[in-house]
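> Have a look at this one.
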Amino acid sequence: MLLEINHLEKVFRTRFSKEETRALQDVDFKIDTGEFIAIMGESGSGKTTLLNILATLEKPTKGSVILNGQDVTKIKEGQLANFRLRNLGFVFQEFNLLDTLSVQDNIFLPLVLDRKSYTEMDRRLNEIAPKLKIQDLLDKRPFELSGGQKQRVAIARSLMTNPHLLLADEPTAALDYRNSEDLLSLFETINADGQTLLMVTHSANAASHAKRVLFIKDGRIFHQLYRGNKTNKDFGKEISLSMAALLGGE
């Protein structure tokens, strides 16, 4: 068991009143090593709050998040940055690349922060770059790249630390259909290599590439689907029907 979420609850309180907004309510699920999970839900359902808690960017009001046997909600504030650096990878719809650095230096950045040697960084890059087909981009600057290329570079950066869990927040939102399909195929490839992924998405097509889909409604896990042996197309149809039921209140 890689990740265990137990009775997670998140309540937001306004500063000058007693009003409360319950973003998550008794969220409970587990993720095994090597799974590819998609999380879906309408706007305001709590999926982004859940992702932020898993990313240790927010603390839950109640409950626990156990990653590799460690309750990440108990980690002290001063130790969180190192924990993220060594355990989690992040892919966002905004690529968060620095135009002042080359592609290679952008990719190296997490290991520079972790004070790894150049030999170690170069070894990791030589493993990752061919898989992501970015060997010819390493000397370029991010502003010279297409959206799809930038996302590949962002994924390379996230994989440099060998993260236990890769978190992706709407990774296809800024991409056209072709680049989205390329990215999702890439996710399937790195998942087949053993990388555990959790992706938040509003797209049934994107979710159809995952092995399991969790649906959130009003801060609770509403339903889940397993891909099994279904094709992406058939699984996508099943996901769309479940989303329609969720939005319709069934």
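The values are calculated or read from the model by the stated rules, or taken from the named source; none is laboratory data. None of these values were measured; they are calculated from a predicted model. Cβ: placed from backbone, ideal geometry, glycine included. Neighbour counts: every protein chain shown. Only protein heavy atoms, including side chains, enter the accessible area calculation; ligands, DNA and RNA are left aside. Shrake-Rupley method; radii C 1.70, N 1.55, O 1.52, S 1.80 Å.
> At a 1.4 Å probe, what is the % contribution of carbon and sulfur to the accessible area of the range 1-119?
After summing per-atom areas, the C and S share lands at 48 percent.
> Can you give the Rg to Rh ratio of the range 1-113, both from alpha-carbon atoms, with Rh computed by the Kirkwood formula? Can you show the working numbers first?
Numbers: Rg = 16.3 Å, Rh = 16.1 Å.
Rounded to two decimals, Rg/Rh equals 1.01.
> Would you mind working out the magnitude of the charge dipole of the range 61-143 relative to its Cα centre, with +1 at each Lys and Arg C-beta and -1 at each Asp and Glu C-beta, to the nearest 20 Debye?
320 debye
> Here's something else I'd like to know. Can you give the charge dipole size of the chain about its Cα centre, rounded to the nearest 20 debye, using +1 on the beta carbon of Lys and Arg and -1 on the beta carbon of Asp and Glu?
I would put it at about 380 debye.
> Take the chain, connect every pair of alpha-carbon atoms lying under 10 Å apart with a spring to form a Gaussian network, then pick out the residue of MET40, MET199, MET121 with the largest mean-square fluctuation.
MET121
> While we're on this one: Antiparallel as a % of all DSSP beta bridges within the chain, to the nearest 5? Kindly include the intermediate steps, with their values, before the conclusion.
Details: 21 of 38 bridges.
The antiparallel proportion sits near 55 percent.
> Compute the length gained on full extension between GLU77 and PHE12: take 0.36 nm times their separation in residues and subtract their Cα-Cα distance, giving the result in nm to one decimal. Working shown, then result.
Working: separation 65, 0.36 × 65 = 23.40 nm, distance 1.94 nm.
Full extension of this stretch gives 21.5 nm more.
> Report the FRET efficiency, 1/(1 + (r/R0)^6), for THR189 and GLU42, where r is their Cβ-Cβ distance and R0 is 45 Å, rounded to 0.05.
Details: r = 30 Å, r/R0 = 0.66.
Efficiency, rounded to the nearest 0.05: 0.90.
> Still on this structure: How large is the accessible surface per residue of the chain, computed with a 1.4 Å probe and reported in Å² as a whole number?
Working: 12570 Å² over 250 residues.
Each residue of the chain exposes 50 Å² on average to a 1.4 Å probe.
> Given the peptides 140-153, 93-106, 4-17, arrange them by the average over their residues of other C-beta atoms within 10 Å, most packed first.
140-153, 93-106, 4-17
> Please quote Rg/Rh for the chain to two decimal places, taking the Kirkwood radius as Rh and restricting both calculations to Cα atoms.
Over the Cα atoms of the chain, Rg/Rh equals 0.97.
> Percent of accessible area on the range 130-250 owned by carbon and sulfur, 1.4 Å probe?
Values: 2610 of 5620 Å².
Exposed carbon and sulfur together represent 47 percent of the surface.
> Taking a ≥ b ≥ c as the square roots of the eigenvalues of the Cα gyration tensor of the range 183-250, is the shape rounded (a/c under 1.5), prolate (a/b larger than b/c) or oblate? Don't skip to the end; give the middle numbers.
Numbers: a/c = 2.28, a/b = 1.67, b/c = 1.36.
In terms of gyration-tensor shape, prolate.
> Hey, what angle do you get for helix 177-192 against the long axis of the chain, alpha-carbon based, 0 to 90 degrees rounded to 10?
So the helix axis and the longest Cα principal axis differ by about 90 degrees.
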